[in-house]
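Participant: Dropping a structure here in structure tokens format, bear with me for questions.
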Amino acid sequence: MSMLQLFTDTIFSTMRDVLPIAAVLLGFQLLVLRQRVANPWRVMRGFIYVLLGLSLFLMGLQKAIFPLGELMASQLTNPEFVYKDLYAQGITAVQTVRWDDYLWVYAFAFAIGLATTLAEPSLIAVGMKAEQVSGGGVSAWGLRLAVSLGVAIGVSIGCYRIVTGTDLWLYIIVAYIIVIIQTFRAPSMIIPLAYDSGGVTTSTVTVPLLAALGLGLAATIPGRSPMIDGFGLIAFASVFPIMSVMGYAQITVWLEKREQRREGKDAL
Amino acid sequence: MSIPAALKLFRPLLEALRDLTPIILVIVFFQLFVLKQPIPNLAEMLAGLLFVLFGLALFVRGLEIGLFPMGESMAHAFARKGNVFWLLLFAFLLGFGTTVAEPALIAVAGKAAEIAALDGVIDTTEQAMDEYAFGLRMTVAFSVGTAIVLGVLRILVGWPLHFFIIGGYLIVVMLTYFAPHEIIGIAYDSGGVTTSTITVPLVTALGVGLATSIKGRNPMMDGFGLIAFASLVPMIFVMIYGMLTV
């Protein structure tokens, strides 16, 4: 596909996505609220920036990141790469899948989960708001790092699950029990933000690459179904950030308390 | 573009570069050192990365001057007006409108119809598949509208979020047990599909704006949480849709 055609296609599909929202905003603004927006031209320019920016972003991803990332995911999960030592000895029929045959896959899942979540535009938006609302108490960068670490850990465990073929429900239920316990122990002001982080991560950049990784694994390991195991990774990517964001707040509070205790001792 | 405006775009550009560096490092490292292969189409890839960089910077700048102020000013206006009906209608339409035309959802719904046809849940005719896909799309869009309405009601009344979310996930676990298994994957995916890149900033600005302008609400405690609703409720609705269409 030519660059120009790709660009018009992307802009068109982004516009189709934005049009209903613009209609709702404009309709209510004009018919119900009937108030003037401050700086209407500036706001308008902002909407055009968002539209153009998102189209460029998606187009660049399709050109630069997705093809190579998906190719890498399929190569890393390919038995020819996983068992290259055995293949070199002429053994091509691998009987049992051991979990530690796939160490590079877990490493890749961790690294790509971390890196793509850091670049996720919706998470950038939520981080900006959280920093502003908390008066700097929650830093945008700290929140994004916590969420990204959660995704990274979640998807590596998710890959381990696909390789070993253990039951998805077991993991998800244990994860939710941890989330419930944390909910009652973590500082209460972080909880809504933590829950939101779960929904934000599974978005534009992360999902296509994770899906490729999950499908690659599920398709090459005997006995796994791409239907069930592909979506499993996305479930992991949405639960673990909830834990890591609450954990980040818990650790911050714990460190502050320890600092205070130490200062208290010094004073004595 | 005037010089100050160019400077304002320069900071997001630097930040975008910082945000994208990890992806580049990961891809280069795994490609060159683990898979031991050269980077294919280097020139095209660099061009693509430039697009991603400028796109992200423009997007962030657009958030700051467009989406965030708009969402917040509307939230304040609704709070001043004090008409709950219009606010809830707005919340519903915002959720419905951001989801119904979402390209990712259209793709997922089409795939779901194919799977349902292969499994013999619906006829394999074009018409039956289109109807199923359309029904699914409407279900998801309706569920996101409902989710935002619920979330806004929660902000107005001041109910604690965790009861809804923990309760909601219990319902998800229970429904997972009863729902036909070919719909489960789609249901879980639909939770992620609905929170698109334009929905998230708008809905966040709406929630925070409402919580800021209503007396007795704390923007941190009450302002966030709308996205959590928007990713939870569709799972429930889609599984119910799957149970009803069998």
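Participant: On the phi < 0 side of the Ramachandran plot, at pLDDT 90 or above and surrounded by 17 or more Cβ atoms within 10 Å (Cβ to Cβ): which single residue out of B:Gly97, B:Gly168 fits that description?
Facilitator: Values: B:Gly97 fails: at pLDDT 90 or above.
Answer to the selection: B:Gly168.
Participant: Just to verify a result, which residue in the stretch B:30-51, among those that are among the aromatic types (Phe, Trp, Tyr) and under 15 Å from A:Met72 (Cβ atoms), is most open to solvent (accessible area, probe 1.4 Å)?
Facilitator: Among them, the one singled out is B:Phe33.
Participant: Next up: Check every one of the helices (runs of 4 or more DSSP H) wholly within the stretch A:1-111 and list those with 2 or more residues that are within 25 Å of the chain's Cα centre (by Cα).
Facilitator: In the stretch A:1-111, A:3-27, A:40-60, A:66-77 are the helices (runs of 4 or more DSSP H) which contain 2 or more residues that are within 25 Å of the chain's Cα centre (by Cα).
Participant: Could I ask something else about it? Looking at (1) at pLDDT 90 or above; (2) within 12 Å of chain B (Cβ to nearest Cβ); (3) within 17 Å of A:Leu118 (Cβ to Cβ), which is the one condition that is false for A:Ile191?
Facilitator: Every condition holds for A:Ile191 apart from (3).
Participant: If you don't mind, another one. Which condition number does B:Pro103 fail, the rest of (1) touching a residue at least 24 places away in the same chain (Cβ under 8 Å); (2) facing chain A (nearest Cβ under 9 Å) being met?
Facilitator: So B:Pro103 meets the others, but not (1).
Participant: Whether any residue in the stretch A:148-169 is part of a helix (DSSP H, G or I), farther than 19 Å from A:Gly198 by Cβ and within 10 Å of chain B (Cβ to nearest Cβ) is what I want to check.
Facilitator: no
Participant: Which of the residues belonging to the stretch B:52-77 are of a type in the set (Phe, Trp, Tyr) and buried (at least 24 other Cβ atoms within 10 Å of the Cβ)?
Facilitator: Kept after step one, since they are of a type in the set (Phe, Trp, Tyr), are these residues of the stretch B:52-77: B:54, B:59, B:68.
Hit for the stretch B:52-77 is B:Phe59, nothing else.
Participant: Additional query: Looking for whichever is among the small types (Gly, Ala, Ser), within 14 Å of the chain's Cα centre (by Cα) and over 19 Å from A:Gly69 (Cα atoms) here; the options are A:Ser139, A:Ser122. Which one fits? Explain how you work it out, then say what you get.
Facilitator: Details: A:Ser139 fails: within 14 Å of the chain's Cα centre (by Cα).
That would be A:Ser122, the only listed residue that is among the small types (Gly, Ala, Ser), within 14 Å of the chain's Cα centre (by Cα) and over 19 Å from A:Gly69 (Cα atoms).
Participant: Taking interchain pairs and intrachain pairs at least six residues apart, which have beta carbon atoms under 8 angstrom, with the first residue in the stretch A:53-81 and under 26 Å from A:Phe7 (Cα atoms) and at the interface with chain B (Cβ under 7 Å from one of its Cβ atoms) and the second acidic (Asp, Glu) and assigned to a helix (DSSP H, G or I)?
Facilitator: A:Lys63/B:Glu44; A:Ala64/B:Glu44
Participant: Contact list please: Cβ distance under 7 Å, first residue in the stretch A:105-121 and under 25 Å from B:Leu63 (Cβ atoms), second residue not in a helix (DSSP H, G or I), pairs at least six apart or on different chains.
Facilitator: Pairs found: A:Thr116/A:Val205; A:Ala119/A:Val205; A:Glu120/A:Ser203; A:Glu120/A:Thr204; A:Glu120/A:Val205; A:Pro121/A:Thr204; A:Pro121/B:Thr197.
Participant: All but one of (1) assigned to a loop (DSSP other than H, G, I, E, B); (2) away from chain B (no Cβ under 12 Å); (3) over 22 Å from B:Glu182 (Cβ atoms) hold for A:Ser203, so report the exception by its number.
Facilitator: (2)
Participant: Hey, another quick one. So, of the residues in the stretch A:207-223 that are of a type in the set (Val, Ile, Thr) and at pLDDT 80 or above, which turns out to be least open to solvent (accessible area, probe 1.4 Å)?
Facilitator: A:Ile221
Participant: Can you tell me which of (1) away from every other protein chain (no Cβ under 12 Å); (2) over 20 Å from B:Leu32 (Cα atoms); (3) not hydroxyl-bearing (Ser, Thr, Tyr) is the one A:Asp85 doesn't meet?
Facilitator: Among (1) away from every other protein chain (no Cβ under 12 Å); (2) over 20 Å from B:Leu32 (Cα atoms); (3) not hydroxyl-bearing (Ser, Thr, Tyr), A:Asp85 violates only (2).
Participant: Any idea which of B:Ala75, B:Ala43, B:Ala79, B:Ala16 is in contact (Cβ under 8 Å) with a residue 24 or more places away in the chain, more than 8 Å from chain A (Cβ to nearest Cβ) and farther than 22 Å from B:Ile198 by Cα?
Facilitator: Unique residue meeting the criteria: B:Ala79.
Participant: Do we have any residue at all in the stretch B:181-196 that's more than 26 Å from B:Leu118 (Cα to Cα) and not aliphatic (A, V, I, L, M)?
Facilitator: Yes, because at least one residue in the stretch B:181-196 is more than 26 Å from B:Leu118 (Cα to Cα) and not aliphatic (A, V, I, L, M).
Participant: Would you point out which residue out of A:Val126, A:Val138 is of a type in the set (A, V, I, L, M, F, W, C), assigned to a loop (DSSP other than H, G, I, E, B), more than 24 Å from B:Asn41 (Cα to Cα) and assigned by TED's automatic domain parsing to the domain that holds A:Tyr248?
Facilitator: On the way: A:Val126 fails: assigned to a loop (DSSP other than H, G, I, E, B).
Result: A:Val138 is the single residue among A:Val126, A:Val138 that is of a type in the set (A, V, I, L, M, F, W, C), assigned to a loop (DSSP other than H, G, I, E, B), more than 24 Å from B:Asn41 (Cα to Cα) and assigned by TED's automatic domain parsing to the domain that holds A:Tyr248.
Participant: Here's another thing I want to ask about it. Can you list the helices (runs of 4 or more DSSP H) lying wholly within the stretch B:179-246 that have 1 or more residues being within 16 Å of A:Glu131 (Cα to Cα), open to solvent by less than 10 Å² (accessible area, probe 1.4 Å) and in contact (Cβ under 8 Å) with a residue 40 or more places away in the chain?
Facilitator: By residue number, B:199-213.
Participant: Hey, another quick one. Can you tell me which residues in the stretch A:170-191 are part of a helix (DSSP H, G or I), closer than 22 Å to A:Ala130 by Cβ and in contact (Cβ under 8 Å) with a residue 12 or more places away in the chain?
Facilitator: Residues of the stretch A:170-191 that are part of a helix (DSSP H, G or I), as a first pass: A:170-185, A:188-191.
Checking which are closer than 22 Å to A:Ala130 by Cβ leaves us with A:179, A:182-185, A:188-191.
The answer is A:Val179, A:Gln182, A:Thr183, A:Arg185, A:Met189, A:Ile190, A:Ile191.
The values are calculated or read from the model by the stated rules, or taken from the named source; none is laboratory data. Everything quoted here is computed from the prediction, not taken from an experiment. Using ideal geometry, Cβ is built from the backbone for each residue, glycine included, and neighbour counts are taken over all protein chains shown. Heavy atoms of the whole protein, side chains included, go into the accessibility calculation; ligands, DNA and RNA do not. Shrake-Rupley method; radii C 1.70, N 1.55, O 1.52, S 1.80 Å.
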